[in-house]
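Working notes, beginning with the structure itself.
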Amino acid sequence: MGVILLWSTILYYVPKWTVFAQAFLLLLIPLLLIPMFKMIRKSLNSSFSLKPDKYSPPRTKSPLEGIRMTGQFDKDVKVIRNAIGNQADVRFREIMIKGTKSRAVILYVEGLTDIDLIDSHILRPLMLQGVQEEQRNSFFHSKNIMKNYLTEQLMTVSELQPEPSLKKFVESVLFGKTGLIVEGMQEALIIGAAKGKSRSIEDPISEALLRGPRVGFTERLGDNTGLLRLHGQNESLVLTKFEVGNRVKKDLVLAYMRDIANPKLVEEVSSRIQKIEIDDPMESGYIEQLIEDNVLSPFQQVHNTERPDRVIAGLLEGRVAILLDGTPFALILPVTFSMLLQSPEDYYDRWLPGTFIRVLRFLAAMLALLAPALYISFISYHPGLIPTKLALSITETRQGVPFPSIIEALIMEISIEILREAGIRLPKPIGPAMGIVGGLIIGDAAVNAGIVSPFLVIVVAVTAISSFTIPVYSAGITLRILRFTGMFSAAVLGLFGVVLFFLLVCSHLVRLKSFGVPYVSPMTPYNISEWKDFIIRAPLKMMKKRPSMLKPNDSDRRN
């Protein structure tokens, strides 16, 4: 009898099978996810290598490959016409140089070339001034005298480059420069720079501020580098030019402060840029994806911005920036998680308002990530942890709701995401109005129809508003994606699932690096002296050192 009583007592305290099932899943999910992510990452690294495939078929060579100018005017012009083909926007303007019997042809692309430059500084000198009478006899005694006369005396342009290769000459003309071929010269002349249509400098749309410069980058690389020079008037600012793209070539500029940035960081970024193999880098997002460390991570490892002041602030900390022709978004790297929750306005206001707003932003990020998951876990698994009056109120509002908490949360969250995306894609005058009105109508209709509870509408609204406080749009997208993962974890394992999800996110962030810099620094590796510009924003007089995680050459901000 005593033995039976003993076993009954033991069995009474043994948890139910559901508890064992939850514990097994708690152990099984990480064991399955880690090898799976390792396999996917390995396959991605092997499939999407930045290096070209050695078995890829050779590219078709240009018909002008290896052909040089001969000095025979008719022959050279005929070869170029055949190579360019029937291009509607390419113009050939044949003229006779005054004072000589030499013919010349000017090539340019309509819409990309500065017509005033051609009329005032090429056609006018060649056709009206030409070669003076006292110099005409000497033109018959030297082959290079025509080239020297044109480049040193006649052509009043700042950019002028002789080019013997027909292939490079045609490429320069098609990219927007002006070309000049003169009879008898074995080198063509490339004149000026491309001058396409561009918009004026405006206030950045994606990073609006109440206080700060109303200046943003444009799509022209020359304008953007000029803005950097204007905002960062320092002789140590270095702008190194690269050319990226195999078929559509675009200029890329790497910017850094020579006496601040770590040379190893500059060398690593330059190496990754030179390894890029892509037909056309249409936007800086292509560059960002091709040079980042971890392709599978949902967190961005390169920061994008439209603001020159933000780029200069990053350069003065020891970071480097990448500017690509054709896009107003510059890239700053390396990046840390705290950078994504900081705004330039934090430094333009006094330190107390800046600190308050920054702390509020961190709290809003936590709400945007975990609020729906916590709602699901408390309602489905742990209602006893809710205060009694609040639990009764929630229970009363959920009367008649036919779906479990995860389904109603998914209905509301997906509806909000669709409304947000629709508001962005619609025309500006009706986009914001549609988002607000649509959210109110759908929420009210869903509550009246008994599909969702009013308390959930409040949770989803607070979550959506919290995600709007994140200054970097792409960082907000990351939290929105992870929010759904947290909701499914809460639906399967309750509060244990939320804790597991949060620990997995934290462990991933701890392991993640951006160009050798820990992603969550200065939280880990722990450095209390750098917390003056982390969650709080200390007075400017206290921030005398640059971030040590970047290993800058000059760590003192006062120099």
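The values are calculated or read from the model by the stated rules, or taken from the named source; none is laboratory data. Quick caveat: nothing in here was measured; it's all calculated off a predicted structure. Every residue, glycine among them, receives a Cβ derived from its backbone with ideal geometry; neighbour counts consider all protein chains shown. When the accessible area is computed, the model is the full protein with side chains, heavy atoms only, and any ligands, DNA or RNA have been set aside. Shrake-Rupley method; radii C 1.70, N 1.55, O 1.52, S 1.80 Å.
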Report summary line: If R0 = 45 Å, then residue 280 and residue 448, at their Cβ-Cβ distance, give a FRET efficiency to the nearest 0.05 of 0.30
Report summary line: Distance in nm between residue 249 and residue 350 label points, each 7 Å along Cα→Cβ, equals 5.6
Report task. Of the options 230, 184, 263, report the single residue whose Cα projects farthest towards the positive end of the charge dipole of region 142-279 (beta-carbon charges: Lys, Arg +1; Asp, Glu -1). Result -> 184
Report task. Whenever you get a sec, compute what percent of the accessible area on region 327-389 sits on carbon and sulfur atoms (1.4 Å probe). Result -> 76
Report task. Report the full-extension gain for the segment residue 553 to residue 86: residue separation times 0.36 nm, less the Cα-Cα distance, to one decimal in nm. Result -> 162.6 nm
Query raised in the report: Convex hull over the alpha-carbon atoms of region 178-284: what's its volume per residue in Å³?
Result: 182
Query - Extension reserve of the residue 158-residue 202 stretch, reckoned as 0.36 nm per residue once the Cα distance is removed - result: 13.0 nm
**Report entry** FRET efficiency, 1/(1 + (r/R0)^6) with R0 60 Å, evaluated for residue 145 and residue 403 via beta carbons
**Finding:** 0.10
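Quote the FRET efficiency, to the nearest 0.05, computed for residue 425 versus residue 264 with a Förster distance R0 of 45 Å and r equal to the Cβ-Cβ distance. Don't skip to the answer; put the middle values down first.
Details: r = 43 Å, r/R0 = 0.95.
It comes to 0.60.
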Report task. Work out the length of the dipole vector of region 67-187 about its Cα centre, built from +1 on the beta-carbon of each Lys and Arg and -1 on the beta-carbon of each Asp and Glu, and round it to the nearest 20 debye. Result -> 460
Query raised in the report: Ranked from the most accessible area to the least, with a 1.4 Å probe and all protein chains present, what is the order of 496, 169?
Result: 496, 169
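Largest first, how would 124, 307, 480 line up by accessible area (1.4 Å probe)?
Accessible-area ranking of 124, 307, 480, largest first: 124, 480, 307.
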Query - Distance in nm between pseudo-label sites at residue 532 and residue 229 (7 Å out along the Cβ direction from Cα) - result: 3.5
Query raised in the report: Of the cross-linked pairs 78/275; 264/544; 241/551; 250/545, which ones have a Cα-Cα span greater than 27 Å in the structure shown?
Result: 78/275; 250/545
Report task. May I ask for the equivalent-ellipsoid semi-axes of region 252-297, computed as the square root of five times each C-alpha gyration tensor eigenvalue and listed largest first in whole Å? Result -> 21, 13, 10
Report task. Write down the Kirkwood hydrodynamic radius of region 382-527, to one decimal in angstroms, obtained as one divided by the mean of 1/r over all alpha carbon pairs. Result -> 17.6
Query raised in the report: Got a number for the accessible area of residue 531? Probe 1.4 Å, square angstrom, nearest 10.
Result: 80
Report task. Any chance you could list P(r) for region 274-400, counting all Cα-Cα pairs in 5 angstrom bins from zero, rounded to whole %? Result -> 2, 8, 13, 14, 14, 11, 9, 8, 7, 7, 5, 2, 0
**Report entry** Which of 175, 515, 502 is most accessible, then next, and so on - probe 1.4 Å
**Finding:** 175, 502, 515
Query raised in the report: Once the whole set of protein chains is in place, how much accessible area is left on residue 80, using a 1.4 Å probe, in Å² to the nearest 10?
Result: 0
Query raised in the report: Once all Cα-Cα distances of region 444-559 are split into 5 Å bins that start at 0, what whole-number percent is in each one?
Result: 2, 9, 11, 15, 17, 14, 11, 7, 6, 4, 2, 1, 0, 0
Query raised in the report: For the charge dipole of region 447-559, defined by +1 on Lys and Arg C-beta atoms and -1 on Asp and Glu C-beta atoms about the Cα centroid, which residue among 469, 520, 509 has the Cα displaced farthest towards the positive pole?
Result: 520
**Report entry** Rounded accessible area of residue 279 (nearest 10 Å², 1.4 Å probe)
**Finding:** 80
